[in-house]
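See below for the structure under consideration.
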Amino acid sequence: MSHSFGRSYLAIPGPSVIPDQVLQAMHRASPNIYEGELIDMVDTIYPDLCYAAQTAGRAAIYIGNGHAAWEASIVNTIAPGDKILALCNGSFGEGWADTAERLGVDVTRLHLPNSAGIDAAQVEAALRADHGKEFRAVILTHVDTSGSARNPIADIRAAMDAADHPALLMVDCIASLGCDRFEMDAWGVDVTVAACQKGLMTPAGMSFVFFSDKAIAARRGLTHVSPYFDCLPRIEPELFYHKFCGTAPTHHLFGLRAALDLIRAEKIENTWARHATLANAIWAAVDAWGQDGPIRFNVAKPEHRSHAVTSLSIGAPHGTELRKWVEANVGLTLGIGLGLAPFDDPAWHGNFRFGHMGHVNGQMIMGLLGGVEAGMAAIGLGFGGGGLSAAAQVIAAAGVNADAGAETAGCCTG
Ligand SMILES: *Cc1c(COP(=O)(O)O)cnc(C)c1O
């Protein structure tokens, strides 16, 4: 069956589906970078980024992907030789810890299961064991996109407070921002790291670091900071080009403006609610399929699962077979498995992920689930019945965002 007609759906955990409004906002000639529309428009981006992260702190924008923001977050807060505690429950937590280590930071890692949210009691114990209170920061992902568990950030803040530990709390929200509820200030987060190509629906190439006052004070205490990554000129620019340490990422900024318009119009609470409903619809289908077939969640407990990405196993080599079948036949691309098995292990072919972040709605999720059910049937895999109707019932019960959708229709003329 040809997949050359109709819209395809890239259902991987980033880059995510790009809204037409974002594409259209980017389709223009290069603007004047000295004065005029671009300069005025960029000023409007910062408050809306901070709204998405629920913070009154400061945001620095980087031309670079999430790895660039990882590096920026470390070089602005931690000196080489300083100690940090890295809570790792997946490949991305490990990756951020690697970045810090390669920058000369003394990283203590707590390796935790990727199939559940991090247990705050273990964090409290690790901090109490730091008698000299030497850790300058605790770093972790909000959602580790490999295993798809969501970490309880407010509980981890409470654990740090209970241990009376002064470390900065630094959270990677690259997968979760604009998908899973995240409240930087209310949850006591000092540094938040994000990127534009997941919940923020913009082509890959920009990333963001949000700093609390305490984090900015840590930056001011450092003597040598990479001139490119230094957040101070970016958040306190004397000239427009300081915001980007050079030429602005002009088209990305216009695209991001359109994406933030969508989030503003929907309202972030509704954005989180929509992702929750769509995730629940997916889980309902998987629960039904799993009644009489091999499909399994990596994260068994629903309350530990992200609303942005779902990591699944179906037995090797069926995960890879399923991905190939749905891509070739129904125009649906699923995410590869990450972190559940090494790439060179045959078991790797049993795992895959659904990305359900950003510009997604009920009919897309029903299409995703229908495509996967067709794929499982086509490759001869068993599955329990009723998956699609279970998902439809979740969507029916929620009546996803009827009001916000009406507002969105008129809001984004670029
Ligand atoms: C995608 C992702 C990253 C890496 O982002 P890149 O843009 O690929 O560098 C880091 N952390 C998390 C949690 C992610 O989901």
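Structure notes:
- For the chain, the relative contact order works out to 24 percent when only alpha carbon pairs closer than 8 Å and six or more residues apart are counted.
- Counted over the chain, the DSSP beta bridges are approximately 50% antiparallel.
- At the residue level, Val171 shows approximately 0 square angstrom of accessible surface with a 1.4 angstrom probe and all protein chains present.
- Taken as Cα centroids, segment 55-90 and segment 335-364 sit 26 Å apart, rounded to the nearest whole angstrom.
- Segment 1-144 - charge dipole about Cα centre, Lys and Arg +1 at Cβ, Asp and Glu -1, debye rounded to 20: 220 debye
- Carbon/sulfur fraction of accessible area - segment 203-328, other protein chains in place, 1.4 Å, %: 55 percent
- Counted charge near Phe297, where neighbours are those whose Cβ lies closer than 14 Å (Asp, Glu -1; Lys, Arg +1): +3
- Cα extents of segment 234-281 along the three principal axes, largest first (Å): 47, 21, 18
- Residue among Ala259, Asn298, Phe208 farthest towards the positive dipole end of segment 154-313, charges placed on Cβ: Ala259
- Global form of segment 1-152, assessed from the alpha-carbon gyration tensor, a/c cut-off 1.5: oblate
- Pairs of Lys in the chain closer than 18 Å at Cα, counting only those 8 or more apart or on different chains: 4
- Unit charges on C-beta of K, R, D, E only; dipole of the chain, Debye: 400 debye
- Cα centroid separation - segment 190-216 against segment 248-310, whole Å: 18 Å
- Cα gyration tensor shape of segment 1-81, rounded if a/c is under 1.5, else prolate or oblate by comparing a/b with b/c: oblate
- Taken one residue at a time, the phi angles of segment 345-352 give Karplus couplings (6.51, -1.76, 1.60, θ = phi - 60°) of 8, x, 4, 3, 6, x, 10, 7 Hz. Gly and Pro are set to x.
- Of the peptides 31-38, 301-308, 382-389, the ranking by mean beta-carbon count within 10 Å, highest at the top, reads 301-308, 382-389, 31-38.
- Bridges between two residues of segment 157-222, per DSSP, are antiparallel at a rate of about 60%.
- Projected label points at Gln291 and Ile379, each 7 Å from Cα along the beta carbon direction, are separated by 2.3 nanometres.
- Relative contact order of segment 56-198, pairs being alpha-carbon contacts under 8 Å that are 6 or more residues apart, as %: 25 percent
- Relative contact order (percent, whole number), segment 257-367, Cα cutoff 8 Å, 6+ residue spacing: 26 percent
- Cβ-derived FRET efficiency at R0 25 Å, Gln393 paired with Lys324, nearest 0.05: 0.25
- Convex hull volume of the C-alpha atoms in segment 142-247, normalised per residue: 129 Å³.
- Theoretical ellipticity at 222 nm over the chain - DSSP helices of four or more residues, -39500 (n - 2.57) apiece, nearest 500: -12500 deg cm²/dmol
- Note that segment 214-341 carries a Kirkwood radius of 19.3 Å, evaluated over its alpha carbons pair by pair.
- Annotation: per residue accessible area for the chain equals 39 Å², rounded to a whole number [probe 1.4 Å, protein chains only].
- With N counted as the residues of segment 117-202, its alpha-carbon radius of gyration over 2.2 N^0.38 Å works out to 1.11.
- Per-residue 3J(HN,Hα) values for segment 252-268, derived from phi via the Karplus relation 6.51 cos²θ - 1.76 cosθ + 1.60 with θ = phi - 60°, read 4, 5, 5, x, 4, 4, 5, 5, 5, 4, 5, 5, 4, 5, 6, 6, 4 Hz in sequence order (x marks Gly and Pro).
- Integer Hz, Karplus 6.51/-1.76/1.60 couplings in order for segment 69-77, x for Gly and Pro: 5, 3, 5, 4, 5, 6, 5, 8, 10
- Two-site FRET efficiency, Gln24 against Glu269, from Cβ-Cβ distance with R₀ of 41 Å, rounded to 0.05: 0.95
- Rounded to 5, percent antiparallel among DSSP beta bridges of segment 142-251: 65 percent
- Asp164-Asn32 FRET efficiency (beta carbon distance; Förster radius 56 Å; 0.05 resolution): 0.60
- Peptides ranked, highest mean first, by Cβ atoms within 10 Å: ranges 358-370, 75-87: 75-87, 358-370
- Sorted peptide list for 240-247, 371-378, 12-19, criterion being average Cβ within 10 angstrom, highest first: 12-19, 371-378, 240-247
- Using bins of 20 Å that start at zero, the share of Cα-Cα pairs per bin across the chain amounts to 27, 56, 17, 0, in whole %.
- Positive-end extreme of charge dipole, the chain - chosen from Gly339, Thr247, Phe92 (charges on Cβ): Gly339
- Per the Debye calculation on segment 90-166 with a single equal scatterer at every Cα and no solvent contribution, log₁₀ I(q)/I(0) for q = 0.16, 0.17, 0.24 Å⁻¹ amounts to -0.59, -0.66, -1.22.
The values are calculated or read from the model by the stated rules, or taken from the named source; none is laboratory data. Remember, it's a predicted structure, so these values are computed and weren't measured experimentally. Backbone-built Cβ (ideal geometry, glycine too); neighbour counts: all protein chains shown. Calculation scope for accessible area: heavy atoms of the full protein, side chains included, ligands and nucleic acids excluded. Shrake-Rupley method; radii C 1.70, N 1.55, O 1.52, S 1.80 Å.
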